[in-house]
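In what follows, a single structure is set out as structure tokens and then discussed.
The values are calculated or read from the model by the stated rules, or taken from the named source; none is laboratory data. What you are looking at is a predicted structure, and each value in this text was computed from that prediction instead of being measured. So basically every Cβ, Gly included, is an ideal-geometry build from the backbone, and we count neighbours across all protein chains shown. Accessible surface is based on the protein model in full, side chains and every heavy atom, while ligands, DNA and RNA are left aside. Shrake-Rupley method; radii C 1.70, N 1.55, O 1.52, S 1.80 Å.
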Amino acid sequence: MAHEGTPEDLVRAAYAAGVTDDRLLAAVRSIPRAEFVPADEVASAYRDTPVPLPHGQVTTQPSLIAMMVSALGLTGDEQVLEVGTGYGWQTALLARLAAYVVSVDRWPDLVDEARLRLAGQGVGNAEVVLGDGTLGIPTRAPYDAVIVCAAFPRVPEPLVDQLRTGGRLVQPIGPGGQERVELYERRASGLVQRRTVTAARFVRLYGAHGYDQR
């Protein structure tokens, strides 16, 4: 299936959204989103729009991913926790910008797809784990950065506990459907809000420290 557009369209969209990090823009340019969407969505891979996934999930809009990742301020030596893998395009971007990425998703088939797609692109410094993202992955903590790709009115406590002092966390804060994406920094006293990245709409965060999994 032919693509409509090219990765350069996503670079332009990210730049228009205020993303100026050259390393991040280069990653958006070089990591093919078409390899990280379902087969029947390949044609729209280079539009700056969300793409539906199984289980009523949806990928985050590429320019919004770029804004959230940019807010983490990655320099290349961080260990990152990602909550919500999807098919792994954001995981691949994070892996390009950080030393190591641990990504957790609650759907076994999405975990399998993401692993396959990341391996297909030669991404060797990202690990996709099946589990409850609101619990984090304590065995790999502490993390220098945490990115949460689903909405809840507060940051799950285990994610705060697993973030090292000085580390950054980005999460959509709200009920699901109308959020503020917030950037926090971990201080000795706990999380401190740094700034609001943008307004956006996200699916709900489910888990022991999120919404009930019904």
Exercise for the section: For segment 108-126, name all the residues that are more than 18 Å from residue 97 (Cβ to Cβ) and free of Cβ contacts under 8 Å to residues at least 12 places away in the same chain. Expected result: 112, 116, 119
Problem - Positions within segment 63-112 being assigned to a strand (DSSP E or B), within 9 Å of the chain's Cα centre (by Cα) and not aliphatic (A, V, I, L, M), in sequence order - result: 82, 103
Exercise for the section: Can you run down the residue pairs with Cβ atoms below 6 Å, 6 or more apart or on separate chains, where the first is in segment 161-186 and of a type in the set (Phe, Trp, Tyr) and the partner is open to solvent by 20 Å² or more (accessible area, probe 1.4 Å)? Expected result: 184/191; 184/193
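Rundown of residues vs (1) open to solvent by 20 Å² or more (accessible area, probe 1.4 Å); (2) under 30 Å from residue 116 (Cβ atoms); (3) part of a loop (DSSP other than H, G, I, E, B); (4) of a type in the set (Ser, Thr, Tyr), yes/no style:
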site	(1), (2), (3), (4)
144	yes, yes, no, no
147	no, yes, no, no
169	no, yes, no, no
193	yes, no, no, no
208	yes, yes, yes, no
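How about segment 47-62: which of its residues are assigned to a loop (DSSP other than H, G, I, E, B), open to solvent by 10 Å² or more (accessible area, probe 1.4 Å) and at pLDDT below 85?
50, 53, 57, 59, 60
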Problem - Lone unmet requirement of (1) β-branched (Val, Ile, Thr); (2) surrounded by fewer than 23 Cβ atoms within 10 Å (Cβ to Cβ); (3) assigned to a helix (DSSP H, G or I) for residue 134 - result: (2)
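Residues of segment 47-62 being among the polar types (S, T, N, Q) and over 12 Å from the mean Cα position of the chain (by Cα), which ones?
Pass one, segment 47-62, residues among the polar types (S, T, N, Q): 49, 57, 59-61.
Once the filter is applied, which keeps residues that are among the polar types (S, T, N, Q) and over 12 Å from the mean Cα position of the chain (by Cα), segment 47-62 yields 49, 57.
Looking only at residues that are of a type in the set (Val, Ile, Thr) and surrounded by fewer than 24 Cβ atoms within 10 Å (Cβ to Cβ) in segment 79-110, which one is farthest from residue 21 (Cα to Cα)? Walk me through how you get there before you give the answer.
In the first step, residues of segment 79-110 are kept if they are of a type in the set (Val, Ile, Thr); the result is 80, 83, 85, 91, 101-102, 104.
With surrounded by fewer than 24 Cβ atoms within 10 Å (Cβ to Cβ) added as a condition, the list becomes 102, 104.
Working: 102: 22, 104: 26 Å.
That would be 104.
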